[in-house]
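What follows is a single structure, written as structure tokens, with notes after it.
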Amino acid sequence: MLQSDKVLITKSIEVQQSQHHFVDGRNMEAVCAFSVGTLHIPTTPKTPNLFRKSIFLSNHVSSTISLVPWGISKSKLFTALSPPPFTESSNQPEAEPEFEGQAEKFDWYSQWYPLMPVCDLDKRKPHGKRVLGIDVVVWWDRNEGAWQVHDDACPHRLAPLSEGRIDQWGRLQCVYHGWCFNGKGECKFIPQAPPDGPPIHTSKKACVASYPSTVQNDILWFWPNSDPQYKDIITRKRPPHIQEIDDPSFTKLMGNRDIPYGYEVLIENLMDPAHVPYAHYGLMRTPEPKVKADREGGRPLELTIENLDINGFTANQGWGRSKFMPPCIFSAYTPDQPSSSGEIKKPSAQKKMSLIFICVPVSPGKSRLIWCFPRNFGLWMDKIVPRWIFHVGQNLILDSDLYLLHVEEHKIMDIGSNNWQKACFVPTKSDALVVGYRKWLKKYAGGQVDWRGKYSGALPSTPPREQLMDRYWSHVVNCKSCNSAYKSLNVAEVMLQMISVASIGIVATMKQGTMSVATRNSMVVLAVLSFALSRWLAHFIHRNFRYHDYDHAFR
């Protein structure tokens with residue numbers, strides 16, 4: 001054999017050996033990546049693309065889990081699921097898989113959206129609301145005995161109908177030129193049209209677009225498509241039903257607020273219980289932790305997600321369970337508790353409560369939150385304590401992390417919402433729900449709300465802090481109970497000032513000797529106390545109904 005042939009054969013053997021070692025190394029890396037507990041990847045998956053257990057790897061995985069869509073090659077499987085082996089902590093969440101193929105897409109415009117709790121809608125006037133970038137007017141049609149939802153633009157010159165009125169015949173009237181519309185959006189009267197002329201008000205161009213709407217769970221919902229084919233959509237698809245709100249054995253006080261950051265950030269914030277002892281420190285008491293915790297009570301949280309698909313997901317939060325029903329509803333609730341005999345107690349025999357958050361996409365950088373915390377115990381409290389007092393505390397909780405989230409959203413927009421997973425480091429199970437929501441949003445909903453080209457994608461600029469955290473326009477004017485309390489307390493403040501001035505005036509005008517010293521002193525004390533109480537009340541009104549700054553450094 002020639003020397004050159006020996007050299008070629010030797011090199012060939014070396015190449016084969018190096019390839020063998022490379023494959024073995026790659027396989028070993030994969031084994032290390034999956035060496036958490038007793039994880040088993042089935043050879044015949046029952047449900048493709050379905051997370052039937054937690055999306056996070058743990059030390060106690062004891063059942064079969066389908067982690068990736070079937071049909072991905074081994075090399076792509078390792079690429080999608082192999083961050084470096086978990087050497088520091090087994091609590092790190094699983095890397096986001098790369099879904100191949102065309103996943104079913106979530107249609108943002110084939111869903112019911114909440115507008116407002118019915119208890120906060122005034123039947124005497126129209127209300128303007130924005131959802132998905134669509135401006136609508138909500139008004140009570142007493143002729144039909146129903147709430148109606150129309151485009152908030154008069155077909156004449158596009159003036160906002162929400163600035164109009166309900167006329168004496170129960171029609172929606174535009175106050176710019178007086179055009180009137182019925183509950184179907186049909187124009188019934190044009191004042192400028194000659195009575196003996198052609199009936200121009202019957203033209204289709206004179207009509208205003210009308211949206212399907214319904215009341216469910218004491219909330220007004222609408223379907224964001226005015227095409228006639230959706231006129232009877234309620235017979236084919238209803239809004240998601242929340243049983244506890246309609247259950248007479250539960251309380252159901254609601255609240256609403258317009259939020260100066262977007263829908264995506266609002267939902268993930270509500271799914272994040274780990275921030276509560278820090279962002280809301282001093283506002284909410286947490287139970288004594290059984291594990292090592294810091295001053296605020298932060299501690300490891302065991303959160304796991306189950307059954308993530310286009311319809312949302314369910315999750316285990318330790319103390320209870322939670323559910324995300326896209327696009328709007330996130331709820332957490334206590335599960336049925338077994339009795340000492342092992343049987344499930346009757347619902348009426350056990351204390352139950354739920355946290356229900358309904359998140360509405362308004363426009364980029366703006367959202368609306370409707371909340372309700374039904375419970376079947378302590379019902380007397382809601383009958384004695386005015387609703388607005390509950391809202392004072394709930395608004396303070398919203399204020400305490402409002403600025404943080406507004407700034408956070410701008411930073412996410414700078415890096416791009418599709419890069420959220422790369423930019424944010426979420427290594428613990430306490431972030432499970434947030435990661436699961438971002439995964440759902442990216443896989444099924446395009447990574448963000450579909451605004452259908454109404455906006456450029458830029459967020460509104462950050463206003464002054466007083467405007468950003470304003471309570472009056474974001475809540476008080478939209479809440480019947482808080483608005484009523486605000487007006488009543490302002491009247492009380494003025495009356496106290498009048499009492500103070502009148503008391504001083506009486507003392508000053510009375511001649512010496514016509515009033516006893518005790519009476520004079522009493523009048524002076526009354527004047528001082530009335531003035532001091534009016535000043536305190538003015539501060540209370542401003543702090544709870546106008547603007548409440550929140551400095552975390554001194555909490």
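The values are calculated or read from the model by the stated rules, or taken from the named source; none is laboratory data. If you're wondering where the values come from, they're calculated on a predicted model, not measured in any experiment. Every residue, glycine among them, receives a Cβ derived from its backbone with ideal geometry; neighbour counts consider all protein chains shown. Just the protein is used for accessible areas: all its heavy atoms, side chains included, with ligands, DNA and RNA removed. Shrake-Rupley method; radii C 1.70, N 1.55, O 1.52, S 1.80 Å.
Which net charge results when you count Lys and Arg as +1 and Asp and Glu as -1 among the other residues whose beta-carbon is under 13 Å from that of Asp120?
Details: positive: Lys123, Lys125, Lys129, Arg257, Arg368, Arg387, Lys480; negative: Asp122, Asp218, Asp258.
Residues close to Asp120 contribute a combined charge of +4.
Distances between placed amide hydrogens fall under 5 Å for Val175 paired with Gly164, Arg165, all partners being 5 or more residues away or on another chain. Modelled this way, with points 7 Å down the Cα-to-C-beta line, the labels at Lys411 and Val385 are 3.4 nm from one another.
Can you tell me the length gained on complete extension of the stretch Ala502 to Ala518, counting 0.36 nm per residue apart and subtracting the Cα distance? Provide the component values of the computation, followed by the final result.
On the way: separation 16, 0.36 × 16 = 5.76 nm, distance 1.76 nm.
The Ala502-Ala518 span can extend by a further 4.0 nm.
At full extension, Thr462 and Asn490 could sit 7.0 nm farther apart than now, given 0.36 nm per residue minus the alpha carbon distance.
Amide H contacts of Leu220 (H built 1.01 Å from N, in plane; Pro and chain starts excluded): Leu115, Met116, Val118 sit under 5 Å, all sequence-distant by 5 or more or on other chains.
Annotation: amide H-H contacts under 5 Å for Asn307 (H modelled 1.01 Å from N, sequence separation of 5 or more, or interchain): Phe51, Arg52, Lys53.
When the listed pairs Lys383/Lys480; Lys184/Lys480; Lys184/Lys204 are checked against a 21 Å cut-off, the alpha-carbon distance exceeds it for Lys184/Lys480. With θ taken as phi - 60° and the Karplus curve 6.51 cos²θ - 1.76 cosθ + 1.60 applied, the whole-hertz 3J(HN,Hα) list for segment 384-389 is 9, 7, x, 4, 5, 5 Hz, x standing for glycine and proline. The calculated pair-distance distribution of segment 474-555 uses every alpha carbon pair, bins of 5 angstrom beginning at 0, and gives 3, 14, 17, 15, 12, 11, 10, 7, 5, 3, 2, 0 percent.
Give the carbon-plus-sulfur fraction of the accessible surface of segment 185-288 in %, rounded to a whole number; probe 1.4 Å, heavy atoms of protein chains only.
Numbers: 2920 of 5440 Å².
After summing per-atom areas, the C and S share lands at 54 percent.
Note on segment 163-217 and segment 218-282: Cα centroid distance 31 Å, given to the nearest whole angstrom.
Taking R0 as 30 Å, what's the FRET efficiency between Lys123 and Tyr547 from their Cβ-Cβ distance, rounded to 0.05? Don't skip to the end; give the middle numbers.
On the way: r = 30 Å, r/R0 = 1.01.
In this case the efficiency is close to 0.50.
Using a cutoff of 8 angstrom between alpha carbon atoms and counting only pairs six or more residues apart, the relative contact order for segment 139-222 works out to 27 percent. Rounded to the nearest whole Hz, the Karplus-based 3J(HN,Hα) values (6.51 cos²θ - 1.76 cosθ + 1.60, θ = phi - 60°) of segment 236-241 follow the sequence 10, 8, 10, x, x, 9, with x at glycine and proline.
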